[in-house]
Structures are given as C-alpha cells and as structure tokens.
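Quick notes on the structure that follows.
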Amino acid sequence: GYQDYLPVAKFSRNLQDGYFSTSFVNLPLITIYRDLAPKLFSAIGEPFFRENFQIKTDDSIELNRPYTLDLIVPTRDPLSMNKSMVELLNAASGYTAGMQKETRQCLVMKRIGQIPQSIASNGKLNRSIDWEKKIQLDNAPIAYVLGTLSDQRLAGKYIVNETGYKGKIDLNIRVTNDLGELNAQLAKSGMKLENAVRDVNVFVVQKAKGE
C-alpha cells in the first residue's frame, strides 16, 4: 500500500556481493503491471505491443491503488526477477496477472538462408528510421527488428519469430507495406514473412477466482 513520507518513484540498484534490487514506490498497481509486462516479453526474446497487454476487469479502484514493492535478488536474470515481482504483486493484490496464450492471425518470420550476424563494432543498437524512405538498423536484437517490421507502414501484423535465431542483426530496407516487396528485401538477410495463425503470448490482468 501507500508509504507515507516516501516519493512516487521507480528505481534499480546494484548492491554488494552480486545482489540486484528493483523498487516501485507508491505507484498504482496497473502502472507496475504495465512496467513489468514488456520486460517479460523482452526476456523471452519477443516484441511487445499494446494489444499484448489486456485488462479483464472493470475494478478501476483497486487497479489504481498505490503499491510499494522492493525486490532484492542474487541475480540479474530479467525473466526470473520480473516473474517474481509479478507473483508478489498477485499475492498482495488478489489478481492473477501473467502470461497467457491467445490464438491470433499473424505473420511468422521464417529462415530461408544464412542470417548474417551484426558487424557493428560498438555493441550498441544504432538506428536510422525515415518512414518516408528507408530504415537502417545496426546491432539490433531480433525482437526489436520484428517489432519494427510489425508497424502498419511495413508488415502491419504481429510477427512470431520461427527462425530459431536469437542474436543481433543489421537490416537496411526500403519502407513498403507490400509483403512481396518486403520479403524480397528480407531475403537478403535470409528471412521471409508468411501469413499464419499462431498461439501468441499476451499479458492478462484479471481478478483471481473467488475474489
């Protein structure tokens, strides 16, 4: 609940002996869930979209109630850390927020050849995006690439990664929403998009049964 004399804040800390801490102070419950959801997707190498966050309750009072959560763990593994924070919030709030599967029309990214690894030397994501002309991504995680390609000005659908590739790539494409033209460019990077129906991950916030 609300902690008197403390500010509204969110922060992370590196502690001694390999311990790591993340804190949410006096923030609405729904705000904390919204912060944790994309981190869970990132930890499993998937892009996160607004439609992947679903609220299946009309209890706006409880969702906006302030919560304070401080987790100290001996790991910086984002999946286990953020899953633990969701579980603690669920136990305290009476909600069962978390990842679920939903069947959806989408695109799948297939491997049709060798996917070249990034040749960027600085180890950082470099991007140059001109939605009127072209997009240049250097040293981009595959999830970031799929998130960019899903934009309505390009593929325009949720994209599931079925390439088996989890590294970083460079991508230079002209902006087009024609799937054939887009695939002709992606083929140079050993990839292709196909229409499909898949069970995709969504983050659902709902009341626990019996609440």
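Observations on the model:
- Residues in the stretch 97-116 that are part of a loop (DSSP other than H, G, I, E, B) and either under 22 Å from the mean Cα position of the chain (by Cα) or surrounded by 15 or more Cβ atoms within 10 Å (Cβ to Cβ) (or both): Ala97, Ile115.
- Count of residues meeting criterion [open to solvent by 20 Å² or more (accessible area, probe 1.4 Å) and farther than 20 Å from Ile44 by Cα] in the stretch 157-175: 4
- A search for C-beta distances below 7 Å between a residue of the stretch 124-135 that is touching a residue at least 24 places away in the same chain (Cβ under 8 Å) and on the phi > 0 side of the Ramachandran plot and any residue that is part of a strand (DSSP E or B) and surrounded by 10 or more Cβ atoms within 10 Å (Cβ to Cβ), counting only pairs 6+ apart in sequence or on different chains, returns nothing.
- Qualifying position, being of a type in the set (A, V, I, L, M, F, W, C) and out of contact with any strand residue (DSSP E or B) (no Cβ under 7 Å at 6 or more places or on another chain), among Ala91, Ala140: Ala91
The values are calculated or read from the model by the stated rules, or taken from the named source; none is laboratory data. Everything numeric here is computed off the predicted structure, so don't read it as measured data. Because the Cβ atoms are built from the backbone with ideal geometry, glycine has one as well, and the counts that use them run over all protein chains shown. Note: areas computed on protein heavy atoms with side chains; ligands, DNA, RNA excluded. Shrake-Rupley method; radii C 1.70, N 1.55, O 1.52, S 1.80 Å.
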